[in-house]
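Trainee: Have a look at this one.
What follows is calculated from the coordinates using simple rules that are stated; it is not laboratory data. Note that the structure is predicted; figures quoted are calculated from it, not measured. Counting neighbours? That spans all protein chains shown, and the Cβs are built from the backbone with ideal geometry, glycine included.
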């Protein structure tokens, strides 16, 4: 249950992190509202960007997931390495793959980026800086200081989400994110469990052809599911990302 719900936090960033070119101011710093409006507009081409990456690129994926006991000692390590080709797509999208769990995740359509979702947060522009050779606008965000929807467990996770976003100034794409829960989130009032700590980071890069993809991500979780304590870490990165002119013979 807990790992499935963490998809909410991931999708919140991932929904904003896809898009296509839009125009940004060349010098003067735009307002946070203007920046997020551009991100919202760019997110409309999320599916096209994802489709282009899946259909035209090959890559090598490395994953490492570890479990820890109460003393912080590693009790289990799972490492997987896999080649992906345009004709070989076992996963439906990048977003579910970040959960590192075989359980069903929230569906992408449950976390479509909307004005209503953005209205749950306060955004503050911290600075402009260069990231991976591209100009980015750095925004900090936190839950808005007002009564927020809290009827579902998904709402409770979203309402505790805060962090920092690096947004590509030219294309309005989130190129980097550092996200965390501000406070513990209880499940069924704490009877079924609680997420005590969750931190998530990812970075995206742009191919020479203009396609964006997540190049690396990691998360850390401390939670309780009924009486069982869970401490997990997860890391994933892609290597040897190449555009293929033709689908390789299988």
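Trainee: Which order, highest average first, do 127-136, 171-180 follow once you tally other Cβ atoms within 10 Å for each residue and take the mean per peptide? Each step should come with its number before you reach the end.
Mentor: On the way: 127-136: 12.8, 171-180: 21.5.
Highest-to-lowest ranking by the protection proxy: 171-180, 127-136.
Trainee: Now for a separate question. Can you bin the stretch 162-219 into rounded, prolate or oblate? Criterion: square roots of the alpha carbon gyration tensor eigenvalues sorted a ≥ b ≥ c, rounded for a/c under 1.5, prolate for a/b above b/c, oblate for the rest.
Mentor: Prolate shape, in that a/c is at least 1.5 and a/b is the bigger ratio.
Trainee: Once you put a point 7 Å from the Cα of residue 116 and another 7 Å from the Cα of residue 218, both along the Cβ direction, what distance in nm separates them?
Mentor: Each label point lies 7 Å from its Cα, and together they span 3.7 nm.
Trainee: Just want the ordering: 148, 227, 221, from fewest to most Cβ atoms lying within 10 Å of their own Cβ.
Mentor: By the 10 Å Cβ count, ascending: 227, 148, 221.
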